[in-house]
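One structure is given here, and the rest of the page talks about it.
The values are calculated or read from the model by the stated rules, or taken from the named source; none is laboratory data. Note that the structure is predicted; figures quoted are calculated from it, not measured. Neighbour counts are summed over all protein chains in view; Cβ atoms, including those assigned to glycine, are modelled from backbone coordinates with ideal geometry.
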Amino acid sequence: MAFSLVDQQKTNQPGVNLDLADKLGPGGLNDPTSNVTGYKEAIQELQRAYGINHIVQVNDCETQADWTLSDSGTFDRAVGATGKRVGSNCLKLTSTAATDNSQYVQTVVIDESVILPLGPNGHKQQDWTDTAYIGFWTHAEDSAEYGADGEMKWALVNDGTVSAKQDITGIVGTEHQWMQIDISGLPRDKVEAIRFYSNNPATAEDLYIDNIIRYKYELGGAPVFGCYYYITSGTTLTEAEGVKWTIDGLAAASATETVSDLGPAILGASTLLGTAARNKYGMIPGKFILMVKASGSTTAGEGLQSSAANTYKDADSGSMEHSPLKGLEAAGAASDWIFAIYDTAGQQI
């Protein structure tokens with residue numbers, strides 16, 4: 001066997017050895033073997049580090065006509081403001097009668113809430129292999145409704161085949177929770193629809209779903225936004241002017257200080273208008289926005305510190321300067337998912 005100095009290059013260190021990738025030639029453009037040695041892997045490492053995610057809105061849950069149902073009068077759907085987390089409305093799923101995991105509500109509107117055009121094969125399909133997760137908000141107005149894992153299930157329809165149904169985590173209390181499903185192992189090159197199946201023997205129970213998205217990178221069970229966040233629909237921002245975070249998107253900062261002020265945003269244009277598809281983003285250099293699960297009620301603007309089981313709580317009294325995160329919004333109770341931002345360690349928040 002011929003001896004090669006390339007074989008002695010280290011690939012067991014953090015990051016990607018770009019010098020080794022260069023020596024590999026064309027094979028170094030994408031080489032996921034040997035502890036990531038390719039240029040593609042290097043870029044992905046940087047994306048994860050800065051939170052530069054690939055996030056695509058599937059359905060905004062604003063329009064009832066987007067959704068069809070298999071068994072009207074048994075498992076029903078409606079759209080309204082009650083239970084919403086983002087925008088004006090959300091999807092309400094109701095077990096009008098007892099359900100047995102065969103009744104479903106389905107949407108074929110899976111591309112930024114727009115109907116897909118017919119493809120070359122005569123079907124309305126979309127390739128989702130650029131993303132690895134799908135996620136959405138879940139909520140119950142009554143803490144006892146859809147409270148057990150698997151009483152609601154989710155499935156993907158790809159090229160006419162329905163995937164194995166996956167449990168939706170039971171609702172805890174009445175807080176808004178984030179539900180994430182790993183789709184990286186599912187066939188998803190010809191996605192046609194998504195479905196929610198009810199497997200609930202109880203009647204007159206409601207589950208609310210909002211803002212269904214798919215994305216490439218996750219952290220702790222939710223998408224990372226990093227230094228990017230979408231602009232509020234209908235809002236025009238100006239390059240380099242101050243912005244503030246809201247659940248509906250970035251908005252212009254005002255002269256009145258708020259805990260969600262982020263600083264100047266880079267837009268890549270003199271002005272940029274937010275859309276209903278939430279596909280126009282502002283970049284806030286040096287910031288890292290993420291979602292976390294609370295272990296109890298928290299206060300907007302307060303420092304957050306680790307609690308039990310991958311959750312966060314308000315910082316202990318007198319220790320806020322040691323908090324790694326700041327809450328951009330308040331949590332109502334345990335299991336509430338909120339937006340937070342990494343803040344400078346050692347700085348009073």
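Does segment 136-179 hold any residues that are among the hydrophobic types (A, V, I, L, M, F, W, C), closer than 12 Å to residue 207 by Cβ and buried (at least 19 other Cβ atoms within 10 Å of the Cβ), and which are they?
Within segment 136-179, 136, 137, 140, 152, 154, 168, 171, 179 meet the criteria.
What number of residues within segment 62-109 are β-branched (Val, Ile, Thr), surrounded by fewer than 16 Cβ atoms within 10 Å (Cβ to Cβ) and either without any contact (Cβ under 8 Å) to a residue 12 or more places away in the chain or closer than 19 Å to residue 140 by Cβ (or both)?
1
Is it true that some residue in segment 153-170 is of a type in the set (Asp, Glu), in contact (Cβ under 8 Å) with a residue 24 or more places away in the chain and at negative phi? Show your work before the answer.
Pass one, segment 153-170, residues of a type in the set (Asp, Glu): 159, 167.
Applying the additional criterion that residues be in contact (Cβ under 8 Å) with a residue 24 or more places away in the chain yields 159.
Now drop any that are not at negative phi, which leaves none.
Checking segment 153-170: not a single residue is of a type in the set (Asp, Glu), in contact (Cβ under 8 Å) with a residue 24 or more places away in the chain and at negative phi.
Mind checking whether some residue in segment 197-216 is of a type outside the set (Gly, Ala, Ser) and more than 27 Å from residue 94 (Cβ to Cβ)? Working first, answer last.
From segment 197-216, those of a type outside the set (Gly, Ala, Ser) are 197, 199-201, 203, 205-216; that's our starting set.
Now narrow it down to the ones that are more than 27 Å from residue 94 (Cβ to Cβ): 215-216.
Checked segment 197-216: at least one residue is of a type outside the set (Gly, Ala, Ser) and more than 27 Å from residue 94 (Cβ to Cβ).
State yes or no: is residue 219 under 25 Å from residue 47 (Cβ atoms) and hydrophobic (A, V, I, L, M, F, W, C)? Can you show your working first?
Details: under 25 Å from residue 47 (Cβ atoms): yes; hydrophobic (A, V, I, L, M, F, W, C): yes.
Yes; evaluated as a whole, the condition is true for this residue.
Do the conditions hold for residue 95, that is, is it closer than 22 Å to residue 206 by Cβ, at pLDDT 95 or above and outside the structural domain of residue 44 (by TED's automatic domain parsing)? Lay out the reasoning, then the answer.
Working: closer than 22 Å to residue 206 by Cβ: yes; at pLDDT 95 or above: yes; outside the structural domain of residue 44 (by TED's automatic domain parsing): yes.
So residue 95 fits the description; yes.
Which is of a type outside the set (D, E, K, R) and surrounded by fewer than 22 Cβ atoms within 10 Å (Cβ to Cβ), of 197, 229, 208, 217? First the steps, then the outcome.
Details: 197 fails: surrounded by fewer than 22 Cβ atoms within 10 Å (Cβ to Cβ); 229 fails: surrounded by fewer than 22 Cβ atoms within 10 Å (Cβ to Cβ); 208 fails: surrounded by fewer than 22 Cβ atoms within 10 Å (Cβ to Cβ).
None of the others qualify; the one that does is 217.
Within segment 180-193, does at least one residue satisfy the condition of being surrounded by fewer than 20 Cβ atoms within 10 Å (Cβ to Cβ), more than 25 Å from residue 125 (Cβ to Cβ) and not assigned by TED's automatic domain parsing to the domain that holds residue 293?
no
Of 39, 50, which residue is under 22 Å from the mean Cα position of the chain (by Cα), modelled with pLDDT under 95 and among the aromatic types (Phe, Trp, Tyr)? Write out each step before concluding.
On the way: 39 fails: under 22 Å from the mean Cα position of the chain (by Cα).
Result of the check over 39, 50: 50.
Collect the residues in segment 134-145 that are over 17 Å from the mean Cα position of the chain (by Cα) and closer than 24 Å to residue 57 by Cβ, keeping them in residue-number order. First the steps, then the outcome.
Going through segment 134-145, the residues over 17 Å from the mean Cα position of the chain (by Cα) turn out to be 140-145.
Listed by number, the list holds a single entry, 140.
Yes/no matrix, rows are residues, columns are (1) of a type outside the set (Gly, Ala, Ser); (2) under 30 Å from residue 141 (Cα atoms):
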position	(1), (2)
247	yes, yes
265	no, no
283	yes, no
323	no, no
326	yes, yes
330	no, yes
336	yes, yes
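What is the number of the single condition among (1) within 25 Å of residue 210 (Cα to Cα); (2) in contact (Cβ under 8 Å) with a residue 60 or more places away in the chain that residue 283 does not meet?
The failed condition is (2).
Report whether or not residue 146 is over 20 Å from residue 230 (Cβ atoms), part of a strand (DSSP E or B) and of a type outside the set (Lys, Arg).
Details: over 20 Å from residue 230 (Cβ atoms): yes; part of a strand (DSSP E or B): no; of a type outside the set (Lys, Arg): yes.
So residue 146 does not fit the description; no.
Considering only residues that are closer than 22 Å to residue 213 by Cβ and either part of a loop (DSSP other than H, G, I, E, B) or touching a Pro at 6+ places or on another chain (Cβ under 6 Å) (or both), which ones fall in segment 173-191?
Our first condition is that a residue be closer than 22 Å to residue 213 by Cβ; within segment 173-191, this holds for 175-191.
175, 176, 183, 184, 185, 186, 187, 188, 189, 190, listed by residue number.
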